[in-house]
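**Q** Pasting a structure here, questions to come.
What follows is calculated from the coordinates using simple rules that are stated; it is not laboratory data. Because the structure is a prediction, the values reported are computed rather than measured. As a convention, Cβ positions derive from the backbone with ideal geometry for all residues, glycine included, and neighbour counts pool all protein chains shown.
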């Protein structure tokens, strides 16, 4: 006699990681319930028992991505000795992230592209996650100005938006099959936006 519900070996953390991979590859709208349950190896009723809904699972997947995969760019940005080095390191780490998935790109950028009204909850959650990236960049640039490694007239708001845009470009180009060499070629022009290095002479 078969039993209903999740199998005894069900590991929710592992299941969520698999759900994240599906959403990362297919996006919220492209990922169907069959894709999600097949990746986990459970039935639809078990999926709903574990996650509540597709949207709730997506929210959790975004949060997991932020805490794991997306933590690299944030960490190197904060740990670098200067804002300039931090920005460069974060862009390089963004390339690593974009190339780490078979489908290519960043989950936060490619997770939901269309703006269908019925998906507004998922879109808002993803948008809030992306806004954290802009805030993170702005804070590091402001710190660079305060610590003196960036000029006092640096437009931190515009540069934060600009480098967020570069990260998005990295993601889209990686999804289109760009090589590491091609993506790395974006770095020097992007770094020029900070102006010349002050040698103190």
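**Q** Between residue 13 and residue 103, what FRET efficiency comes out of the Förster formula 1/(1 + (r/R0)^6) with R0 = 35 Å and r the beta carbon distance, rounded to 0.05?
**A** 0.95
**Q** Once you sort the root eigenvalues of the Cα gyration tensor of the range 127-201 as a ≥ b ≥ c, which label holds: rounded (a/c under 1.5), prolate (a/b larger than b/c) or oblate (the other case)?
**A** oblate
**Q** 7 Å from Cα along Cα→Cβ at both residue 193 and residue 32: what's the point-to-point distance in nm?
**A** 3.9
**Q** Label the range 12-65 by shape, choosing from rounded, prolate and oblate, from the square roots a ≥ b ≥ c of the eigenvalues of the Cα gyration tensor; if a/c is under 1.5 it is rounded, and otherwise prolate applies when a/b is larger than b/c, oblate when it is not.
**A** It comes out rounded by the Cα gyration axes.
**Q** Separate question: How far apart, in nm, are two points set 7 Å out from the Cα along the Cα-to-Cβ line at residue 96 and at residue 68?
**A** So the label points at residue 96 and residue 68 sit 1.7 nm apart.
**Q** Follow-up question, since we're still on this one. How long is the gain from residue 127 to residue 162 if the chain were fully straight, where each residue apart is worth 0.36 nm and the alpha carbon distance is subtracted?
**A** Additional length available on full extension: 10.9 nm.
**Q** Order these peptides, 48-57, 148-157, by their mean beta-carbon neighbour count within 10 angstrom, highest first.
**A** Peptide ranking by packing, descending: 48-57, 148-157.
**Q** At R0 = 25 Å, how high is the FRET efficiency between residue 179 and residue 135 if r is their beta carbon distance? Nearest 0.05 is fine.
**A** FRET efficiency, residue 179 to residue 135: 0.20.
**Q** Could you tell me how many degrees, from 0 to 90 and to the nearest 10, lie between the Cα long axis of helix 83-98 and the main elongation axis, the longest principal axis, of the Cα atoms of the chain?
**A** Once rounded, one gets 30 degrees.
**Q** Could you give the nm distance between label points at residue 146 and residue 172, where each point is 7 Å from its Cα heading toward the beta carbon?
**A** 3.4
**Q** Next question. To test your reading of the geometry: what angle, between 0 and 90 degrees and rounded to tens, separates the Cα axis of helix 12-30 from the longest principal axis of the chain?
**A** 70
**Q** Using a/c under 1.5 as the rounded threshold, could you call the range 70-194 rounded, prolate or oblate? The axes a ≥ b ≥ c are square roots of the C-alpha gyration tensor eigenvalues, and prolate needs a/b larger than b/c, oblate otherwise.
**A** Oblate, because a/c is 1.5 or more while a/b does not exceed b/c.
**Q** Based solely on its DSSP helices, what 222 nm [θ] is calculated for the chain when runs of n ≥ 4 H residues each add -39,500 (n - 2.57) and the sum is averaged over all residues, nearest 500 deg cm²/dmol?
**A** Taken over the chain, the calculation gives -21000 deg cm²/dmol.
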